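J.: This is the structure, below, for whatever I ask next.
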Amino acid sequence: MKKFIQLYKRFERFWHWSQALLIFTLIATGLEIHGLFSVLGFGKAVLVHNVAAVVWSFLLTLIFTWIFTTGEWKQYVPSFKDVDNVLRFYMYGVFIGEDHPHHSTPENKFNPLQRFTYIAVIFGLLPLQVITGFLFLFFPELREMGVIGSVDLIAIGHTFLAYSLVAFVMAHVYMITFGKKLSTHLKAMITGKEEL
């Protein structure tokens with residue numbers, strides 16, 4: 001008989017999928033704003049982009065509040081334990097069908113490489129993306145107050161961070177296929193349960 005553990009809480013799954021939807025919306029509208037295609041038109045794309053960005057900012061505030069008030073911050077504390085085995089698995093073992101050396105538990109969900117990656121993304125890239133976005137959004141007012149003279153570096157930074165986020169999302173989607181079955185990790189993030 002199969003045994004399952006509750007790995008991801010309901011709010012965790014809610015913010016994961018909500019954030020995914022918002023990020024895909026921001027990527028699509030951002031690409032349209034940059035002129036790669038036209039579906040909504042420039043004006044509507046900017047509006048949708050800005051609304052999604054504000055909603056995402058509120059969601060990130062909830063996420064950070066939840067992480068720090070529930071003790072989930074411990075999941076992100078860097079660890080070098082078994083990092084060599086995890087590296088070896090990603091570079092070699094996954095291609096020959098070896099089992100993943102890290103077994104997730106509710107108290108230890110992330111392997112060492114995930115911890116470093118999520119720290120960089122959640123506590124570095126995402127806040128910087130939001131900050132540069134708001135600097136961009138309120139640039140006219142900030143320029144008038146004499147805080148910022150030019151939007152060029154902010155635009156370059158915001159775009160660079162956006163492409164970094166796209167790279168992370170692509171790697172993240174690819175790596176969910178590293179479970180016992182292609183759908184194992186995806187199912188866990190939908191149901192919250194993972195098979196032991």
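J.: Would you be so kind as to identify which of ILE122, LEU60, PHE110 lies farthest towards the positive end of the dipole of segment 48-195, taking Lys and Arg as +1 and Asp and Glu as -1 on Cβ and the Cα centre as origin?
T.: PHE110
J.: Let me ask something else. Based only on other Cβ atoms within 10 Å, what is the fewest-to-most ordering of LEU7, LEU31? If you can, show how the numbers build up before the last one.
T.: Numbers: LEU7 19, LEU31 15.
Sorted ascending by nearby Cβ count, the order is LEU31, LEU7.
J.: Let me spell out the model: positive unit charges on the Cβ of Lys and Arg, negative unit charges on the Cβ of Asp and Glu, origin at the Cα centre of the chain. What dipole size does that give, in debye rounded to 20? Don't skip to the end; give the middle numbers.
T.: On the way: 16 positive and 13 negative charges, 144 e Å.
The dipole magnitude comes to about 680 debye.
J.: So what is the relative contact order of segment 4-195, in percent, for Cα pairs below 8 Å that sit 6 or more residues apart? Can you show the working numbers first?
T.: Working: 148 pairs, mean separation 53.7, N = 192.
The value is 28 percent.
J.: Go through segment 67-153 and name the trypsin sites (Lys or Arg not before Pro) that are in a DSSP coil and have 16 or fewer other Cβ atoms within 10 Å of their Cβ.
T.: Working: sites: LYS74, LYS81, ARG88, LYS109, ARG115, ARG143; in loops: LYS81, LYS109.
Passing sites in segment 67-153 are LYS81.
J.: Work out from phi, with θ = phi - 60° and the Karplus expression 6.51 cos²θ - 1.76 cosθ + 1.60, the ³J(HN,Hα) of each residue of segment 55-64, listed in order in whole Hz, and give x for Gly and Pro.
T.: Working through the residues one at a time gives 4, 4, 4, 5, 4, 4, 4, 5, 4, 4 Hz.
J.: Given an 8 Å cut-off on Cα distances and at least 6 residues of separation, report the relative contact order of segment 1-82 as a percent.
T.: RCO, segment 1-82: 25 percent.
J.: Continuing with the same structure: For a quick check of your reading of the filter: which chymotrypsin sites (Phe, Trp or Tyr not before Pro) in segment 10-104 sit in a DSSP loop and have no more than 13 other Cβ atoms within 10 Å? Please list the in-between numbers first.
T.: Working: sites: PHE11, PHE14, TRP15, TRP17, PHE24, PHE37, PHE42, TRP56, PHE58, PHE64, TRP66, PHE68, TRP73, TYR76, PHE80, PHE89, TYR90, TYR92, PHE95; in loops: PHE37, PHE80, TYR92.
Those satisfying the criteria are PHE37, PHE80, TYR92.
J.: Using 7 Å Cα-to-Cβ label points, what is the LEU186/HIS103 separation (nm, one decimal)?
T.: 2.6 nm
J.: Roughly speaking, what is the centre-to-centre gap between segment 106-143 and segment 22-63 when only Cα atoms are used, to the nearest Å?
T.: 16 Å
J.: While we're here: Could you go through segment 184-196 in sequence order and give the Karplus-derived ³J(HN,Hα) for each residue, using 6.51 cos²θ - 1.76 cosθ + 1.60 with θ = phi - 60°, rounded to whole Hz, and x for Gly and Pro?
T.: The phi angles translate into 4, 6, 5, 4, 4, 7, 8, 8, x, 10, 10, 6, 6 Hz.
J.: When a footprinting reagent is the concern and you count Cβ atoms within 10 Å, what order do MET145, MET1, MET189 take, fewest first? Don't skip to the answer; put the middle values down first.
T.: Details: MET145 9, MET1 2, MET189 16.
The order, fewest Cβ neighbours first, is MET1, MET145, MET189.
J.: For semi-axes √(5λ) of the Cα gyration tensor in Å, pick the label among (1) 27, 22, 13; (2) 52, 29, 18; (3) 35, 18, 17 that corresponds to the value derived from the coordinates.
T.: Computed from these coordinates, semi-axes √(5λ) of the Cα gyration tensor in Å corresponds to label (3).
Computed from the coordinates by the stated procedures, all read-outs in this text should not be read as laboratory data. Computed from a prediction, not measured in an experiment: that's the story for all the values here. Glycine also receives a Cβ, built like all others from the backbone with ideal geometry; neighbour counts cover every protein chain displayed.
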